[in-house]
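The values are calculated or read from the model by the stated rules, or taken from the named source; none is laboratory data. Predicted model, so just to flag it, every value in this text is computed and none were measured. A quick note on method: Cβ atoms are made from the backbone with ideal geometry, for glycine too, and the neighbour counts reach across all protein chains shown. The area values use the complete protein model at the heavy-atom level, side chains included, leaving out ligands, DNA and RNA. Shrake-Rupley method; radii C 1.70, N 1.55, O 1.52, S 1.80 Å.
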Amino acid sequence: MAIKPDAGALAQTAPTAADTPGEVPVERLNRVGPSVAERLHRLGIRTAQDLLFHLPLRYQDRTRLVPMATLRPGAEVLVEGAVESAGVALGRRRSLKVWIEDGSRDGLLLRFFHFSRQQVAGLQPGVRVRCYGEVRQGPASLEMVHPEYRLLGAEGPAEIEPRLTPVYPSTEGLQQASWRGLTDQALALLERQPPAELLPAEVLGSMALPGLAEALAYLHRPPLEASLDDLIE
């Protein structure tokens with residue numbers, strides 16, 4: 001979910017092509033107002049350069065759709081299907097339950113304990129939805145609890161992510177989609193104005209190491225062929 005602009009965000013001066021990441025306070029980034037800035041400050045992040053060194057904890061593979069017939073509990077996967085039924089279930093804990101199918105042998109239950117009227121209105125039978133989350137064994141079927149999802153329009157299949165998706169250390173009030181939006185802006189600054197190298201040129205050359213800008217870009221947006229074990233190490 002994208003960050004909503006806070007009051008005063010539009011008054012900030014946008015970064016210019018001459019600005020280095022270390023010269024750009026987070027308040028000058030798009031859609032960062034006082035409340036978002038305060039949350040970032042709480043994590044020691046005050047500039048775009050701080051964002052670049054706020055490295056992912058792990059990565060998710062959202063580069064391929066997984067048929068529902070092959071799902072197993074414990075897997076984190078990307079699935080796509082049409083809503084067959086949806087409704088609010090009452091009981092010990094009120095929840096929104098959405099059953100989706102993809103034409104394979106089985107379907108999948110999406111369960112939301114926190115939801116809005118807008119979500120209920122959007123997740124109606126016939127709507128196609130793409131979602132990512134951990135598969136769990138529910139009382140009657142496999143399910144995902146609070147998956148990340150997007151509704152798909154009638155214009156055709158939506159593009160699949162071309163890279164591994166980073167998961168960042170966070171704080172209350174900042175969703176992963178927001179982190180990716182913030183780091184996208186920091187990476188754009190990095191590409192225009194690379195920071196000074198931290199290692200001497202002779203060390204970089206003798207050990208065949210990438211430069212700092214290349215290494216940071218790789219860690220934040222690794223290509224599909226990147227080794228997850230190497231990234232985490």
When the charge dipole of region 59-180 is computed with +1 on Lys and Arg Cβ and -1 on Asp and Glu Cβ about the Cα centre, the Cα farthest towards its positive end, among Tyr168, Val66, Phe112, belongs to Phe112
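Just subtract the alpha-carbon distance of Thr16 and Leu204 from 0.36 nm times their residue separation and send over the number in nm, one decimal.
Fully extending the segment from Thr16 to Leu204 adds 64.7 nm.
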Please list, ordered by chain and number, the residues whose modelled amide H lies under 5 Å from the amide H of Arg58; skip anything fewer than 5 residues away on the same chain.
Val167
Could I have the simple spin-label model distance between Asn30 and Val88, label points 7 Å from Cα toward Cβ, reported in nm to one decimal?
3.5 nm
Carbon plus sulfur fraction of accessible area for region 70-121, probe 1.4 Å, in percent
47 percent
In debye, nearest 20: dipole of the chain around its Cα centre with unit charges on the Cβ of K, R (+) and D, E (-)?
1220 debye
Mind pulling the angle between the C-alpha long axis of helix 176-192 and the longest principal axis of the chain? Nearest 10 degrees, somewhere in 0 to 90.
30 degrees
How large is the helix-only mean residue ellipticity at 222 nm for the chain, computed as the sum of -39500 (n - 2.57) over DSSP H runs with n ≥ 4, divided by its residue count, in deg cm²/dmol to the nearest 500?
-6500 deg cm²/dmol
Probe of 1.4 angstrom, ligands and nucleic acids ignored: what's the accessible area per residue over region 108-171, in square angstrom?
57 Å²
Virtual spin-label span in nm between Ile160 and Leu57, 7 Å along Cα→Cβ
2.7 nm
Using Cα pairs under 8 angstrom and six or more residues apart, how large is the relative contact order of the chain, in percent?
23 percent
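Give the carbon-plus-sulfur fraction of the accessible surface of region 136-233 in %, rounded to a whole number; probe 1.4 Å, heavy atoms of protein chains only.
Numbers: 3230 of 5990 Å².
In region 136-233, the share of accessible area belonging to carbon and sulfur is 54 percent.
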Taking loop as defined by DSSP and a crowding limit of 16 other beta carbons within 10 Å, which chymotrypsin sites (Phe, Trp or Tyr not before Pro) in region 77-120 fit?
Phe113, Phe115
